[in-house]
Every structure is written in structure tokens, then in C-alpha cells.
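FYI, it's all coordinate maths here, none of it is from the lab. Keep in mind it's a predicted model, so treat the numbers as computed, not measured. Ideal geometry is used to build each Cβ from the backbone, glycine not excepted, and the neighbour counts take in all protein chains shown.
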Amino acid sequence: MALPILCGVLVLICLPAGLAKKGDVIEITDSNWREILEGEWMIKFFAPWCPACQKLEVEWKAFAEWGEDLTVNVAKVDVTAQAGLSGRFIITALPTIYHCKDGVFRKYQGSRTHKDFINFVNEKEWESIEPVSSWFDPDSLLMNGMSALFQLSMWIRQCHNYFVEDMGIPIWGSYIIFALMTLFLGLILGLAMVFIADYLCPSKRHRPQGQFYPKNLTPETAKLLKELEDEEKDSDKGESHIRPEKIARDSIRKRVVS
């Protein structure tokens, strides 16, 4: 008796889980988005407050019912909660739909009924659409930076709401806090850049420039200047003070050059 009961319990536990897989719309977040780089995906970007997104919800769920038969993963991204993905895919209109096949992204521009989605995948209509360029590929360096920028903006907004709503700080007080933080971070980054630049390109000590003479000197004048320089090197070697003889030689040199 115990074995049949146990089997029945296992069936009841596993049956809902098996049924839940069919027709499910996979939730994509900043933490698991790299899963869409493998296999075939249809991803919808939406916002809960968007009327067009709400209208598409029924058709998208109906399309997800065919996902297992078409061997395509049907997913969605809430841009209000996943700011990083909003920046990574440059979402400027809602709803926005992307098709992804083994890491190659294409933007869907067709009609938005579940039958159109089914034909788009089943007939491979996505092959006629030009893929997203490598510059704007969601996994590119540029889009990684854009994602980080959007996440930073979301963090700033959350901090602002915390200061104003939870701590009761006036709006102008929150702005002052962010201004002081910006100045402090700018100072730290500026000092770090100065140290790095000085380490990579250390400043050279100032070296006095040598004497430059015109190229059109006569042989006699050039010989005289050479004798003066040799005499100056011999007489000034090991001395740090200026002697009257050196002043006289400098005066002669200036008259010769002029």
C-alpha cells in the first residue's frame, strides 16, 4: 500500500511542473540574459504601464503555447525592472521584439499576432532580416558600457527615492548630496589620473640648451668660437661660480655671432 501511495504523490508533484513548462514565458533578467545567446529565442521587451504591451500580452501567451513545438524559447523583459537590458538592447519604443538565433539578434518588425509569430519562426522569415551590427550587438563592449550606464542611472534614481521618501530629505537636499558626491568622486578620479600619468610619463629634468650658432659663419669665426668653447670647458671645470673671464668670453661670443 505504501508504494502505490508514494507513486501517486510523486505523480501529483511532478505533473504540475511538467504542465507548467508548456506555454511558459521565460523571464529574462540582467543576471540570466546570457542564456539567450544559445538556441532560438523570441524576446519581448515591455513595461507594465504600456497599453500596447498589455494588448500584446494575450497574443504573446498564445504564441508561447507553440514554443515547444517550434523549438523556440519565448521570453520577456520588464524594462522598468531591468534597466541594464534596456540599455543593452537600446529599447526606444514599447513593446519591442527581438529574434535571436545562436547569439545573432534581429529586430522583429512584423504584425503582432500569435499566428504571425508562429509563421515568422516556422517559415524562418527571420533569415530575410539583416542582423544587428557588431557595434550594437548586446554582447559587445559598447553595449556592455551602455548597460552599466543604465544600471548606474537606475541606482541613482533609487538612492534619490530613498533620500526623499524614506529619509524625508527635501528634493533640493538630495540634489546637494549628489552634487557633493560628484565633486568628491571627480577629485578622487582626477588625483588618480594625475598619479597614473606621472607614473607612466614621468617629467624630465630641465636641461639647459646648448649654444646655437648661425650656419653661415666664416672659417676664422668658427675657429675662434671653437677655441673659446674649449677654453671655457677647461677653465670652468669643477667651478660653480661665474668668473670675469667667462663674462668676457660670452661678450666676445655675442659679438661674433651678431
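The amide H of residue 73, built 1.01 Å from its N in the peptide plane, has 40, 41, 42 as neighbours under 5 Å, considering only residues 5 or more places off or on other chains. The Cβ shell under 11 Å around residue 130 holds other residues with a net charge of +1, Lys and Arg each +1, Asp and Glu each -1.
Karplus-derived 3J(HN,Hα) values for the stretch 189-200, using 6.51 cos²θ - 1.76 cosθ + 1.60 with θ = phi - 60°, are 5, x, 5, 5, 5, 5, 5, 5, 5, 5, 6, 6 Hz; glycine and proline are entered as x.
Under a 5 Å amide H cut-off, with hydrogens placed 1.01 Å from N, residue 105 pairs with 132 among residues at least 5 apart or on other chains.
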